[in-house]
Amino acid sequence: MKVKEKEASEEEGVTRRNLLKRAGCAGAVALVLGGLASKASASGGNYPRVKVANTKDLQAGKTVKFDYPLVGRKSILINLGCSVEGGAGADKSIVAYSMFCTHLGCGVDMDKESGMMVCECHQSVYDPKLSGKVVEGPAPNSLPMVLLKIDKNGDIYAEGVAGLIYGLRNNLLDGEEVK
Ligand code: FES
C-alpha cells in the first residue's frame, strides 16, 4: 500500500473507532425515551415464550446467541453492564437483538472493542444501548429487539420481537417456531 493511501486508511480507521466508542449507557438513555413504546406495540402476534439463559450465566460483557422466534433466525442476548432504557433485569442491563442486518440481511455481531453491533457486509453500525438504532452505514432501520422477561429465578425468556426481521413477511411465518 502507498504511504498516502495508508495514511488515509489509518485516519479513516481512527475516525471510525472514535465514532464507535463515543456512545455510553448514560448518554444513551435520554435519546431512546419515547421510541420503545412504539417498538413494543409493533411486536403483536402470539410469540413463543422461550428460555434463553439465566442471569448467572450472563455477567456484564457476556453474550449468548439463540434462535428466535424461528429456527435458524439468530438473535443475540447481551449484558451491557449498565442500565439501558428498555433493558431487562434488576439493573436494566440485558437486551437482545436479531442478528440479521436490516440492509440486506447479512450477519450482525457484537464488536467487543467498541461495544457496538456491526454488519459484516457493508459495515452498518447499530448501538445496542439505543434499542439497536443505526448510527452508521446504509441500514435503513434499527435492529429488531427481542422482548425479554426475567423471572424470580433469574431465567431469561424471549417473549416477542419489536420490528420486522429481515427477509420475513411476518416474524412468525415461513419457518419452524422455536420451542
Ligand atoms: S447487509 Fe448489512 S450493511 Fe449491508
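Just so you know, all these numbers are worked out from the coordinates, no wet-lab data involved. These figures come from a predicted structure and were not determined experimentally. Quick reminder, even Gly has a Cβ in these numbers, built from the backbone with ideal geometry, and neighbours come from all protein chains shown.
Annotation: amide H of VAL135 within the under-5 Å range of VAL125, TYR126, ASP127, sequence separation 5 or more or interchain, hydrogens built in the peptide plane. For the range 104-110, putting each phi into the Karplus relation 6.51 cos²θ - 1.76 cosθ + 1.60 with θ = phi - 60° gives couplings of 10, x, 5, x, 10, 9, 6 Hz, in residue order, rounded to whole numbers and with x for Gly and Pro. Only lysine pairs 8 or more places apart or on separate chains count here, and in the range 89-179 those with Cα atoms under 20 Å apart total 9. One chain, two ends: LYS149 and LYS74. Fully extended at 0.36 nm per residue, the span grows by 25.2 nm beyond their Cα-Cα distance. Using 1/(1 + (r/R0)^6) with R0 = 25 angstrom and r between the beta carbons of ASP174 and ASP109, what's the FRET efficiency to the nearest 0.05? For R0 = 25 Å, the calculated efficiency reads 0.60. Scanning residues 5 or more positions from LEU70 or on other chains, those with amide H under 5 Å from its amide H are VAL178, with H placed 1.01 Å from N in the peptide plane. Each 10 Å bin, from zero up to the one with the longest distance, holds this percent of the alpha carbon pairs of the range 68-179: 15, 47, 32, 6, 0.
Backbone phi angles across the range 164-169, fed through the Karplus curve with coefficients 6.51, -1.76 and 1.60 (θ = phi - 60°), yield HN-Hα couplings of 7, 6, 3, x, 10, 7 Hz in residue order; Gly and Pro are listed as x. Computed from backbone phi, the HN-Hα couplings of the range 129-141 come to 7, 10, 6, x, 4, 6, 10, 6, x, x, 4, x, 9 Hz, rounded to whole numbers (Karplus: 6.51 cos²θ - 1.76 cosθ + 1.60, θ = phi - 60°; Gly and Pro given as x). Other residues with beta-carbon under 10 Å from the beta-carbon of PHE100 carry, at +1 per Lys or Arg and -1 per Asp or Glu, a net charge of +2.
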